[in-house]
Amino acid sequence: MAILSSLRRRSAAVSVAAIAGATAVGVCLAVSSASAGTLSGSLYRDPSSAVVRWVAANPGDSRAAVIRDKIASQPQARWFANFNPSTVQSEVSGFIGTANAAQQIPVLAVYEITNRDCGGASAGGAPDLNQYQTWVSNFARGLGNQTVIIILETDSLALLTCLSSAEINARNQAISTATRTIKAGNPNAKVYLDGGHSTWNSAGETANRLRAAGVQYADGFFTNVSNYNSTSNEANFGRAVISALNGMGISGKRQVIDTSRNGGASGDWCGDDNTDRRIGQYPTTNTGDGNIDAYLWVKPPGEADGCRYTAGSFQPDLAFSLANGAPNPPTTTPPTTPPTTPPTTPPAGDGCYASVAVNQWAGGFTASVTVTAGISDINGWTVTVALPSGAVTSTWSAQASGTSGTVGFTNVSYNGRVLGRQSTSFGFQGTGTGPSTTATCATS
């Protein structure tokens, strides 16, 4: 019974919407630099997430504002789960390039191991481990040379019940080789291996499996992608795993925790039916814990577990249930280290300043706008942008006045107050040609 329960909880891991792929583009609500761990900087949001596309297509839905402000505004992992060795390099390169241009850290979830999910609801992956290595090699060639976070093969180490001893050894070697291949492709890649979660395998057993799969070549391990355990329980579990690894002579490893759906009750295993759960800690590298590199949204909130809806499909009622009543996302807080690049328009006086980052594709665009206060705090702002053509179709973390020509965007309740020389963000999506990278900002 315990095994069955653990197996069922794994269905939270796969993202079918991400497997399918899309061309829509999204933005990221910036977060602060890290005060602990080894990562520092803002996380980049998946520009083709199902929630962004749903919000853009359903602006009049009564659930849209809550989903937009509390889920669609946040960075989530981009899943790479199609066996596509001929195109994966270009797909990765395009995603990485957009994140690098924004000077933010992308999160990539690799889900391609042979015999993944032990043939369950998320079955698939590379036909064999030789072809897996070919895929990984092509994947690694697209990673560039800036910081990226790699979540390598969810459930691949926590779930081994369907494999023989020889198959387990082969999988361990494949993951170890994949880790080194990714590191060789991009030495700044941060690679994390599967640590299951705190109510699955013991910390000692998890450490043994991580060692066998080459965690010494990785940066650490991830937990809770396949469950809803509290952040504190996962952190305690992570400390026990790190301690066990230290006892094996493997030091310096850190944890990342999936907090996308762990803000409410635990209850039944299937997130499709549990209305007591909420989104957890918003994604950030600012963990305040030296053992934890980041809190991430690896499993996209609102994507089904497979018991009531098709696994991985985006369901707005699930997203709304997770977001409704959850705290508002934070505005940016002071970084612990000075930025390496000064802002384009430094806030030398009072008032506010706005900068725009645009992602353009054929027929449309998404824009991310950063609002920075001057020397003094501000208690409200309006940003005005000009659209050469087309129209705004959706907005998050702001209220739009007008849809075409000159458009004004005013703060919402939770991000109007910005401390002196600090920032907040909002975004909008539209058709036609996107705005220029300049905008005007006025205080309320």
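Rule-based calculations on the coordinates, nothing more; no lab input. For clarity, every value in this text was computed on a predicted model and none was experimentally measured. For neighbour counting, all protein chains shown are included, and Cβ atoms are generated from backbone atoms with ideal geometry for every residue, glycine included.
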Charges on Cβ only, +1 for Lys and Arg, -1 for Asp and Glu, centred on the Cα centroid of segment 2-323; of Asn201, Leu108, Cys118, which one is farthest towards the dipole's positive end? Leu108
Starting from the eigenvalues of the Cα gyration tensor, five times each then square-rooted, give me the equivalent ellipsoid semi-axes of segment 48-153, largest first, whole Å. 28, 19, 11
Does segment 352-443 come out rounded, prolate or oblate by the C-alpha gyration tensor, with a ≥ b ≥ c the root eigenvalues, rounded set by a/c under 1.5 and, if not, prolate when a/b is larger than b/c and oblate if not? prolate
For 349-359, 83-93, ranked highest to lowest by mean beta-carbon neighbours within 10 Å, the order is 349-359, 83-93
Note down the net charge around Asn82, summing +1 for each Lys or Arg and -1 for each Asp or Glu among other residues with Cβ under 9 Å from its Cβ. -2
At R0 = 41 Å the Cβ-Cβ FRET efficiency linking Ser243 and Thr87, nearest 0.05, sits at 0.45
Any lysines whose Cα falls less than 24 Å from that of Lys253, other than same-chain ones fewer than 8 residues away, would be Lys183, Lys190, Lys299
Label zone at Asn208 (point 7 Å along Cα-to-Cβ), backbone N below 16 Å, segment 225-261: 241-242, 244-249
Directionally averaged shadow of segment 2-323, computed from the convex hull of its alpha-carbon atoms, nm²: 14.2 nm²
For the ranges 197-204, 152-159, what's the packing order if you count other beta-carbon atoms within 10 Å of each residue, average per peptide, and put the highest first? 152-159, 197-204
Ordering of 60-66, 189-195 by burial proxy (mean other Cβ atoms within 10 Å per residue, highest first): 189-195, 60-66
Measure off 7 Å from each Cα along the Cα-to-Cβ vector at Asp61 and Tyr414, then give the distance between these two points in nanometres to one decimal. 1.9 nm
FRET efficiency (Ile375, Thr38; Cβ distance; R0 45 Å; to 0.05) is 0.85
